[in-house]
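The values are calculated or read from the model by the stated rules, or taken from the named source; none is laboratory data. Bear in mind that the values here come from a model prediction, so they are computed numbers and not experimental data. Cβ placement follows ideal geometry from the backbone for every residue including glycine, while neighbour counts extend to all protein chains displayed.
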Amino acid sequence: MTDKKVEILFKEFSSPEEMPSADQKLVRAAMEAQKSSYAPYSHFNVGAAVRLEDGTIIKGSNQENAASPSGLCAERTAMFAAGANYPGVPMVSIAIAGGPSLGLCANPATPCGACRQVMAEYQKIGGKPMSVILVGADKIWKFDRVDDVLPFIFDSI
């Protein structure tokens, strides 16, 4: 037997103002998207914003449904909209902001496993790393690639 170790590196910012301007814009778009969240059951509002290689930003928010699990997470809402409306344009970054009652959690809310796997698929389709920015009230985490939030990505090929 051999013990192995996985290391995950990420940057931590105390505010969007510490980030490059393109990331600041994406963070603000994710926070704006949070306002369109429909979360009458969980009361946990999430917004996501995807930046495409050409600079276009697509927003999405979580959409719940009484017939759970018929709703959809903000991350997948944004990525599926980007994939459907801009086929062939790689997604280079996604920002996610979430918390109760349109607020932000102190620590960043993290995406579910299904959303991480969809991020991995779009990263693969785009052929380049897609950064992941997780926004909290007290800190922001930036990962350089999806692999850092989903080690051992499922790949059927």
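Just a few scattered comments:
- Members of the range 53-78 that are of a type in the set (A, V, I, L, M) and touching a strand residue (DSSP E or B) at 6+ places or on another chain (Cβ under 6 Å): I57, I58, L72, A74, A78
- Matching option when the condition is on the phi > 0 side of the Ramachandran plot and free of Cβ contacts under 8 Å to residues at least 40 places away in the same chain, among G113, G127, G136: G127
- Criterion violated by M31 - all others in (1) closer than 16 Å to G136 by Cβ; (2) buried (at least 24 other Cβ atoms within 10 Å of the Cβ) satisfied: (2)
- Single condition V27 does not satisfy, out of (1) of a type in the set (A, V, I, L, M, F, W, C); (2) closer than 12 Å to G99 by Cα; (3) under 15 Å from the mean Cα position of the chain (by Cα): (2)
- Meets criteria (surrounded by 16 or more Cβ atoms within 10 Å (Cβ to Cβ), under 17 Å from D23 (Cα atoms) and in contact with a Phe, Trp or Tyr (Cβ under 9 Å, 6 or more places away or on another chain)) for S131: yes
- Criterion: farther than 17 Å from G47 by Cβ and in a strand (DSSP E or B) - qualifying residue of V132, V92: V92
- When A82, A39 are screened for being crowded, with 17+ Cβ neighbours inside 10 Å, more than 16 Å from the chain's Cα centre (by Cα) and at pLDDT 95 or above, only A39 passes.
- When P90 is tested against the conditions (1) surrounded by fewer than 20 Cβ atoms within 10 Å (Cβ to Cβ); (2) out of contact with any Gly (no Cβ under 6 Å at 6 or more places or on another chain), the lone failure is (2).
- Answer residue from the range 42-79, given it is within 17 Å of the chain's Cα centre (by Cα) and charged (D, E, K, R) and is surrounded by the fewest Cβ atoms within 10 Å (Cβ to Cβ) among those: E53
- Residue list for the range 1-44, restricted to those being part of a strand (DSSP E or B) and farther than 14 Å from P108 by Cβ: Y38
- Annotation note: of A109, A114, A137, the sole residue that is assigned to a loop (DSSP other than H, G, I, E, B), surrounded by fewer than 16 Cβ atoms within 10 Å (Cβ to Cβ) and small (G, A, S) is A137.
- Qualifying positions in the range 117-129 - within 13 Å of G83 (Cβ to Cβ) and either β-branched (V, I, T) or not in a helix (DSSP H, G or I) (or both): V118, I125
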